[in-house]
Every structure is written in structure tokens, then in C-alpha cells.
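Please treat every number below as a calculation from the coordinates, not as lab data. Since the structure is predicted, the reported quantities are computational estimates derived from the model, not experimental observations. Cβ sites come from the backbone with ideal geometry, for glycine too, and all protein chains shown count toward neighbours.
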Ligand code: FES
Ligand code: FES
């Protein structure tokens, strides 16, 4: 079986198919997304005159009509639609700011609807730090165009020149005080038009809301016990389900006696389909108890299919797959001093604090699923495929979960809920994963192996750079039904599809493998197609390990060249915005080459995320306890440029979070397994950063670029922090660490105590 | 079995299996969203509530032990219209990313601040030893708890719980 090339973050798979039907209500505009999408596509969208329609800003290019994004009803109530979702990054607030700014209304006037296959545009996944670039850009442009259309319409009705009118307080106001409300103006399908390629955006100096640290709209409910997450959804007649997952990656259910479980209090039914095993009970604790008994009753076959964890790099290197050239530019010169090294990264997990949860209801052949999925449309397709339903029969509505940092168990829990709902129609099913389900079955961030060979010339400049990386694909979505655990475990299983090797501009396993620095380079990706452990997108994809390797190497080359590491980076950086963050972080940190205090060290890291998104530089100070090998980050100072800053505090919050999470990945985290089972099943077998090890301070400085495109923020810190940490440990101890994570044992052994 | 529970100053009668963890009773029977299921193993603190002034992990606490105890959840600290000092401080400091761990953090902090209105940074960190945050909101959580202590002082709020002693 072959699959189409899948770029994790593109909505291309849906390009060219407009699936929206727009129905007009009376007196006001009512938008509905047709569920019979293919059928209505032709009638809803007039055939364009030219074969190639003009490129529209952001996701407007995919959902081209203004009323797909903004709806104003007769009471001037404004609803804005986004295909993106809130996942703790503050996107809801930032999108409201953008819409309110251009519509000249207050943030409180905007009702924002996030991803719902029944209502919102299809924007693929909320991933890749692209929500502001895609959705933010679309909404900003749509809002500006709506404002101008309203002004034009008011000008026509009042018979006054456009220039004499302004937008204010949900109305268009004239010089003599004439006022027509937005609701009155839109009454005749005014916005049922395709967007234009150009918009009249407000000038940077006239902005009132963009650039302000508007408090997040979702926080008050979250700190007062409001219903904020899918876990908090309580539907009439809802019952509780648990799955019993196989004990090992390749285990098959041989036999299970369900009679004793079925007689337990509250148990409604046990569902078995191949190796998919679940139980439904009236109350949650009854479901948990039944699950435990069912676990005991089930007999599984297990196969030793996992590689030896201690020989993971050798395993990666031994796989025979395609080799792709990521970049090649000029022959390197290795006649001067040469540095060679091998870096590794283990499997690491998203490890969300709240285990995944899905709620599903099958009623009259229609399935509704509430999920914290990052992509309601791809999830809808996958669930429909799994259940043999038409896409139109499945609606997926996003509700928040806990932070996911990529592709965690969300879609699988949604699929589990859907499988169970299909077996128990008429009753809303709440399916909650246990901690061991999340740790054991989420798709992990892939292990990687990186070999670098770099040369430095007499003049202290890098003369050659050969970089080879071994990695799985870092995203296995959208993958249709086979990407869902439940579909893999069913009797009529959807077998795992072979991964597709694809080198794209924004990168995948090779993300940020190409240095932004200026020197000759050759970068190859040795594609590992075997996936003994299930993998998918984890925050920053390959950029985490690639920047770790690249920026560790930069420090070693600086040492060879006898240069200060910051100056050495600047020596090879031409991009002004890149130089600006490096200089800013160094200055705010108080960078110096003076010998650090005993046991302390300083380290620096930089990257432009994907080489086309946010610029981030970070300096860290660490303390290394020689006796124990314990590394503690004392302080972190970073500078970030993510284009025009819509909500500076939101950028700071996410960047602080990225810094701290990357410290945790880099110091503690690796998925452990034996040859059959994953053994990282809880917080003691997969430790993460605790308060006792949190830095004394974390500072984030924003370089704002008014008028420049939004570049996204969420993943920029992951790689630079890992490198800065290893560089700081090197500075403190004189020892270079090549293998992630920098555990106490490794550090202790490395410094030879 | 019928059990009488005092939660946020109100008495509730629930009819549940006495072995049921308090967390499920709070979330399902009393429909309180504040305490979260994070691990069910006593490892993460997402389910923290305050019982008689002490931070307690409700996911590993059988409801049968709760008769006659005074239970406080994040809902008991104030409302969205009238947030209490801890809630106000977390909002002011924007101390949340996904926010899933936050009510547990707040309840641990609540127990701490009742005993010690001006904890040092180290004391706050020590108190939060069991509370995990995956989003990396730690710096803001620390700042919010310090700020809550200040707000309580300013309000002269009699936060000290007699029972906490
Ligand atoms: S849910 Fe109770 S400690 Fe994790
Ligand atoms: S804010 Fe998301 S886990 Fe703490």
C-alpha cells in the first residue's frame, strides 16, 4: 500500500476541494459547513475563471470566503471561526485580538468558535507553531476586508464618500454622527464573497489591541473550577468506559473470560474486537474496577519485537533505508582542524499531565465525538474510515485537554470512545485513559542518531560541514484509520502503513539540520523506516536533536578556533534578525568569557526555527554537582523574534514553558523498554522536572517586529535550550556530552568521579 | 453506602462504594471540575484538595475516610465573578498554559499559605514537591503564590485555619 506524501503541517491534502456550503438565513448571515461536502462543492463555489485562483493570505487560501471566517448577525453579534484550537498556548486570545483590532471592536465583542467539523474551516492540524501564520493571518485579513466592505456599504446607503466614514463600536459612523450598525449592514449576504488577495490592514502605529498583553480569556475559568476541558464534559445519561490495552507493543489478545467482569456492579458491557478490549460502566470507579479485573482475565501473546535500548544508536544506523540529501552547497574543506562527533537522542514522550480523554455519542447513525485532537478534520476522516462510516456521519468537536505538545494520545482516545459508542448506541460514552495508557501508548518523539564532521580554517572560519542523521519520520499523521490504536487492534485491523520519506522545506526529522550559519555544508537524512515503537510529532520534531547537535558542534569549533562562542556564531551569521537575537540574549544575560565560579558554567544556543520561523537565542548558567553528577540550571535568558507580537505576554509564557520543558527533556527524559514492553509507565519510571530543580529565573526578551508577518512561537526554544545546556555543562566541567539526556549517572561518569 | 461530605462549606449526601477515591466523587457525584485526574497514583498532584487544612491527593484517598472532614476544592476559593486572593493572583500573573495542573498547584499553595502567610521561595518549592507541571509554567506558579501571599496580607485576610495549627 502506498500513501500520499504527508507533510505534517500542510493542509494541501484538501487543497482544490472547497467543501463548504454556505446557506443564507433571512435578515442575517448564517454560515453552515455542509456535511455533504463533496456534493455541494460545485454549487457552493462558483467555478473560478482562471484555473489558478489568486493566492490568499494565510488559511484564507484554503477557505476562501469571508463568511467562512467571520459572521455578523442582525444584532451585530460577531462570531469568528478558526480551524485551530487552544492547547494552552493562548491562541484563542491572540486570534480574538487580531479580529477585534481589524474590525474596530472590543475583544469582548468577539465570540470565537474553534475547530469543529460541523462549523469551522478545515485548517488541518494545530501544530508546527503555525496558528498565527495561518489562522491569525487569515482572520486578520478577513476582518480588515469585512471592515472595508461594511464601510463601502454604509457609504452607498448614506450616499457619502467612504473617506468620511469610520468603524467604531460595531457600527460605521459618519462625520455628522450618522450611524449604521454592523448587523444592519450585513443583512443582504454582504460577506458571502471570496476574499481578496490584498487587504487594507491597519497601520502599525494605529494598533490598539495587537501588541497588548491582553489577559488570556481562558484562564479565569481554569482557576475557578469552570468546565474547561473535555474531561469536564458531562452529558445527560453519560456512562464511563476504560480500555484494556495490550501489555506489550505487539501483543495479541488470545483469550479473555468476560463473565466475571460482566457481573460486576454497574458494568454495562464488555467490548472485544480482536485485541481491542474495553469495558463500560455506569460510574467511573466501577469502570476502573472492571478494567482491573478484565486486565487480569485477559491472556495475551507477546513477541520480542523491540530493539535493545542500550544499543539504540547501532540499531538506527543498521537499518537500511533511503538516503535523502537535505542540503548540499559547495565542497567542504577539511584540510584544517577537524571536529567529528556522534550525538544521540532517545525516544521521548509528550507525557501530558492529563491523560487523554474522548467523549462520543452514536445516535441515529450519526456519531459525534468530543476530543482534544489537534486536527478535527483529519480525525473525522480517520474515525469514519475505522468504523466504515461516511465522513458526513461523523462530527468531531474540539474541546481542550491538557497541554499536548504535539501528537499525543488525543486521537486514540477519541477513536476508543468512537469504537465504544458504536457498540453502545444512544448513550454518551466518556472514555478516559489511565496514566499507564498515556505513558505506554502515546506516539513518542523518535530516537535519533547524528554524525557531524566539521572543519575550521586558519582564519577561524568553518570550512566544511558534513552532517548525517538517522531518524524515523517525525509525524505519522494524518494517517487515516491505521494511525489510530483502536483500528490497529481490531480484528479487522488496519495495518500500519509504511512511512513516507519526504524532504520538505520546513523539515521533519531533518528540521533545522541545515545550519543557518554561512559555510559550505552537506546534510543527509538516512531514513529509518522501521518503527519498533510508535512515533509521531513531538514539539519541534527533529529540530530538538538537530539543534542540540549543531549548536554543540558550534561550541566545539569555537573552542578550536580560540573564539568566544557568541562571537564565533556572529562571525558566521549574516541574517540581521538572527544576529539581533544572539546579541540581545548575550547582552541581557551579561555574557562574558571570564572563568565561571567553581562548579558553574555558561552556555549559549541559537536557531531560527525551521530556518523560516521564529528566531531564538538563549544563554544558560548551570551548576554541576561533581559528587552526584546533578546538573541544575541556575538561570536562563533568552531573546525571541517571532515577527509582529500580537500578545507579548503570551509569547513570553510559551517561551518560558518551552525553556523549562526542554530543560526537562534534556536532563531527565528517555522512554525505557525491554524487548517486548515499554517500561516507562508512570511518573516514577519516566521522571520529569520538579520544582526542586526549576531555575531561579527565566527571562524572555521579545524583539517585536511591527508590520512583519507572524512567525509563531511555541517550538522555538526546544533545540537552542538543549544545546545551551550541554554547552554550559561543557563550560563547567570541560567535558562534552553527546548523548541525551544528561542524566546524573552520565554526567558523573563523564566527569570521572 | 451513604456518606455525608462537607465540601466548600456545604454538606452533601452521596451514595457510593466506600472505596471510591474522593476525586471521582468530587468530579462526578458533586460535578466539581476543579480537582483533576492526572495519574490516579499519587504522583502528580493534579487532584490535590485541602482536607482539614492539609493538602491531600484525592485520587488515592477513599471517600469513606472523608466523613466529618472539611474539604476544600478550588471552587471553594472564590468564583469567576469574585475570585479569591489565590485565584486573583494566578489570573494577574497569567500563571497557566494549559492550566490542567493549576488547581492542584493552587490547593497545595492554599494549604501552605494558611500555615505560613509569607513563605520563602524555597518553602514554596518544597510544598510543591509532588505537583508536576508539563507545560513549564513553574516560574509563574511561584510568582503567583508569592503574590497571593501578598494579597492575603493586604486584605488582612484571616486565612489561618484553626485546625491547621
Ligand atoms: S491524580 Fe492524584 S496525584 Fe496524580
Ligand atoms: S499548565 Fe499545563 S501542565 Fe501545568
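With a 10 Å Cβ neighbour count serving as the proxy for reagent exposure, in which order, fewest first, do B:80, B:124, B:102, A:180 appear?
Values: B:80 14, B:124 21, B:102 30, A:180 17.
Ascending number of Cβ neighbours within 10 Å: B:80, A:180, B:124, B:102.
Quickly work out the residue A:333-to-residue B:115 label distance, labels modelled 7 Å from Cα along the C-beta direction, and quote it in nm with one decimal.
A separation of 6.8 nm, rounded to one decimal place.
Determine the shielding of peptide A:349-355 by partner chains: average, over its residues, the number of Cβ atoms on other chains within 10 angstrom of each Cβ.
Per residue, the number of nearby Cβ atoms from other chains is 6 on average.
I'd like the projected area of chain B, averaged over all directions, using the convex hull of its alpha carbons. Report it in nm² with one decimal.
Numbers: hull surface 35.8 nm².
For chain B, averaging the hull's shadow over all directions gives 9.0 nm².
Taking the Cα atoms only, what angle lies between the long axis of helix B:102-115 and the longest principal axis of chain B, rounded to 10 degrees?
For helix B:102-115, the angle is close to 80 degrees.
Please report the base-10 log of the normalised intensity I(q)/I(0) for the stretch A:260-324, using a Debye sum with one equal scatterer per alpha carbon and no solvent, at each q in 0.18, 0.23 (1/Å).
The Debye formula, applied to the Cα set alone, gives -0.69, -0.93.
Can you give the percent of C-alpha pairs in the stretch A:273-362 whose distance is more than 22 Å? It would help to have the intermediate numbers written out before the result.
Numbers: 2651 of 4005 pairs.
Tail of the P(r) past 22 Å holds 66 percent of the pairs.
How would A:606, A:519 line up from fewest to most surrounding beta-carbon atoms within 10 angstrom? If you can, show how the numbers build up before the last one.
Working: A:606 32, A:519 20.
Sorted ascending by nearby Cβ count, the order is A:519, A:606.
With the convex hull built on the Cα atoms of the stretch B:77-155, state its orientation-averaged projected area in nm². It would help to have the intermediate numbers written out before the result.
Details: hull surface 18.9 nm².
For the stretch B:77-155, the mean projected area of the Cα convex hull comes to 4.7 nm².
How would you rank A:613-622, A:265-274, highest first, on the average number of other Cβ atoms within 10 Å across their residues? If you can, show how the numbers build up before the last one.
Numbers: A:613-622: 29.0, A:265-274: 17.4.
In descending order of packing, they fall as A:613-622, A:265-274.
Highest first, please rank the peptides A:96-107, A:79-90 by the mean number of other Cβ atoms sitting within 10 Å of their residues. Mind dumping the intermediate values first?
Details: A:96-107: 23.9, A:79-90: 26.8.
The most tightly packed comes first, giving A:79-90, A:96-107.
What FRET efficiency, computed as 1/(1 + (r/R0)^6) with R0 = 30 Å and r the Cβ-Cβ distance, is obtained for residue B:19 and residue B:92, rounded to the nearest 0.05? It would help to have the intermediate numbers written out before the result.
Numbers: r = 41 Å, r/R0 = 1.35.
That gives a FRET efficiency of 0.15.
Fully extended, how many nm does the chain gain between residue A:262 and residue A:319 (0.36 nm per residue separation, minus their Cα-Cα distance)?
On the way: separation 57, 0.36 × 57 = 20.52 nm, distance 4.61 nm.
15.9 nm is the gain from fully extending residue A:262 to residue A:319.
Give me the distance between the Cα centres of the stretch A:274-344 and the stretch A:170-207, rounded to whole Å.
53 Å
In peptide B:38-50, how many Cβ atoms from other protein chains are near each Cβ within 10 Å, on average? Write down the numbers at each step before the final one.
Working: counts 8, 11, 7, 7, 1, 5, 6, 1, 4, 0, 0, 0, 0.
Partner-chain Cβ atoms within 10 Å, mean over residues of B:38-50: 4.
To the nearest 0.05, how large is the calculated FRET efficiency for residue A:708 and residue A:238 if R₀ is 51 Å and r is the Cβ-Cβ distance? Present the calculation step by step, with values, prior to reporting the outcome.
Working: r = 47 Å, r/R0 = 0.93.
For residue A:708 and residue A:238, the calculated efficiency is 0.60.
If one puts a single equal scatterer on every Cα of the stretch A:583-637 and applies the Debye formula without solvent, what log₁₀ I(q)/I(0) results at q = 0.25 Å⁻¹?
Normalising to I(0) and taking log10 leaves -0.97.
How many partner chain Cβ atoms sit within 10 Å of a residue's Cβ in peptide B:126-134, on average, as a whole number?
On the way: counts 2, 1, 4, 3, 3, 3, 9, 12, 16.
Counting other chains' Cβ atoms within 10 Å and averaging over B:126-134 gives 6.
Rounded, prolate or oblate: which one fits chain A, using the alpha carbon gyration tensor with axes a ≥ b ≥ c (rounded when a/c is under 1.5, else prolate when a/b beats b/c, else oblate)?
Numbers: a/c = 1.84, a/b = 1.13, b/c = 1.62.
Verdict is oblate for chain A.
Say each of residue A:625 and residue A:158 gets a label point 7 Å from the Cα, pointing the same way as Cα to Cβ; how far apart are those two points in nm?
7.0 nm
Explain nothing, just the number: relative contact order of the stretch B:77-155, from Cα pairs under 8 Å at least 6 residues apart, as a whole percent. If you can, show how the numbers build up before the last one.
Numbers: 76 pairs, mean separation 34.3, N = 79.
Relative contact order, the stretch B:77-155: 43 percent.
Among the DSSP beta bridges whose two residues both lie in the protein assembly as shown, what percent are antiparallel, rounded to the nearest 5? Mind showing how you got there, number by number?
On the way: 96 of 124 bridges.
Bridges in the protein assembly as shown that DSSP calls antiparallel: roughly 75 percent.
Exposure proxy check: A:494, A:527 ranked by fewest other beta carbons within 10 Å? Let's see the in-between values first.
Details: A:494 19, A:527 24.
Fewest-to-most ranking of A:494, A:527: A:494, A:527.
Return the FRET efficiency for the residue pair residue A:178, residue A:113: r is the Cβ-Cβ distance, R0 is 41 Å, and the value is rounded to the nearest 0.05.
That gives a FRET efficiency of 0.80.
Can you tell me the relative contact order of chain A? Whole percent, Cα pairs under 8 Å, sequence separation 6 or more. Write down the numbers at each step before the final one.
Values: 1779 pairs, mean separation 103.1, N = 753.
Over chain A, the number comes to 14 percent.
Using the basic label-point model (7 angstrom from Cα toward the beta carbon), what is the residue A:503 to residue A:593 distance in nanometres?
Here the modelled spin labels are 3.6 nm apart.
Could you tell me whether the stretch B:2-73 comes out rounded, prolate or oblate from its Cα gyration tensor? Rule is a ≥ b ≥ c as square roots of the eigenvalues, rounded for a/c under 1.5, then prolate if a/b exceeds b/c, otherwise oblate.
Values: a/c = 1.56, a/b = 1.32, b/c = 1.18.
Prolate is the answer for the stretch B:2-73, as a/c is 1.5 or above and a/b outweighs b/c.
For a test of the definition: using alpha carbon positions, the gyration tensor, and the 1.5 limit on a/c, classify the stretch A:585-689 as rounded, prolate or oblate.
Details: a/c = 2.50, a/b = 1.26, b/c = 1.98.
Taking the square roots of the gyration eigenvalues as a ≥ b ≥ c, the stretch A:585-689 is oblate.
Determine the relative contact order of the stretch B:2-73: mean sequence separation of Cα pairs under 8 Å and six or more apart, normalised by residue count, in whole percent.
Working: 134 pairs, mean separation 28.5, N = 72.
About 40 percent, as a whole number.
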